[in-house]
Amino acid sequence: MSHLRGISIALVISSTFGLFGCGVADSVTGAVVAGSCTITTGVTNCIDYTGSGYTGVTAQDHCSQQTDATYSTSRCTATGRVASCTVLAGQVTEITWRYYSPFTTDPASAPAACSLLEGTYTAG
């Protein structure tokens, strides 16, 4: 039941703000990602699907439910990234939101957004 609740929470979180594969290892954390989803509505954000429960198929399906979103088999780019927010850490539905400028115009924006998601904020 907890697994289903986690998936529901991840889908609700991404909708409030977003093919089987092995995944791609994150060069910073070593975590395997099942792909990423770049969302360009308003400001640019990107979701890395880091939970072990995600496959390329489920990540791509989740991304297709987002407005102005593009799925990639690669992880989110580090270029221009100002912060990250890991949501549902350690769970099979873990995702990592990546924030890009214009969050730099208001340094408090990214931590505030992460707090709303009940995530763990990391600068850079």
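Quick note: the coordinates plus some simple rules give every number you see, no bench work behind them. The shown structure was predicted, so the numbers you read here are calculated from the model rather than taken from an experiment. Neighbour counts run over all protein chains shown; Cβ positions are idealised from the backbone, glycine included.
Things worth noting here:
- Working from label points 7 Å from Cα in the Cα-to-Cβ sense, the residue 92 to residue 78 distance is 3.1 nm.
- Ranked by how many other beta carbons lie within 10 Å on average, peptides 66-77, 35-46 from highest: 35-46, 66-77
- Residue 89 sits among other residues whose Cβ lies under 13 Å from its own Cβ, and their net charge, with Lys and Arg +1 and Asp and Glu -1, is -3.
- In this calculation the C-beta distance from residue 106 to residue 67 is compared with R0 = 22 Å, giving a FRET efficiency of 0.45.
- Compactness of region 77-124 - radius of gyration and Dmax, Cα, Å: 10.5, 34
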